[in-house]
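Rule-based calculations on the coordinates, nothing more; no lab input. Keep in mind it's a predicted model, so treat the numbers as computed, not measured. Here the Cβ positions follow ideal geometry from the backbone for every residue, glycine too, while neighbour counts run over all protein chains shown.
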Amino acid sequence: MALPTAGERPDIHLTPLLAGTVILDDGCLYVAQPGGPRRYVIWPYGTRVETSGGRLVLVNGRTRVAVGDEVALGGGSFPADAPGASVFAAPPPPARCVGAGEEVFGASTLEPLASFERRHRRVRD
């Protein structure tokens, strides 16, 4: 399974949010939005894959999310075949995962959705 991650630690963090469920399909990891499309993700720099209790788990620092978990990702979208897109992903997205001209989501942050919602609820209150 290929796990594209950012090629280097970013100096800036993009702010749009992608929230949904991590899904695995044909060796490709996506985030499926409720009632919306699934998005192929370029995971944050340093993210790796482990297996725990028979589940595939994405690990980034102290953050751990498994396939089937709801997540919140900060980042931004861009066409997978845009000039310069290869700068954002190492290795590049496999062709079976992303079609020509299809948008991918380049994530700079990753956290469980429940943590994101708790943190932002405190800010609003």
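Under 13 Å from the 7 Å Cα→Cβ point of F78, by amide nitrogen: which residues of the stretch 100-121?
103-108, by backbone N distance to the label point.
Regarding the stretch 17-124, what whole-number volume in Å³ per residue does the convex hull of its Cα atoms give?
Working: hull volume 12.5 nm³, N = 108.
Once divided by residue count, the hull of the stretch 17-124 is 115 Å³.
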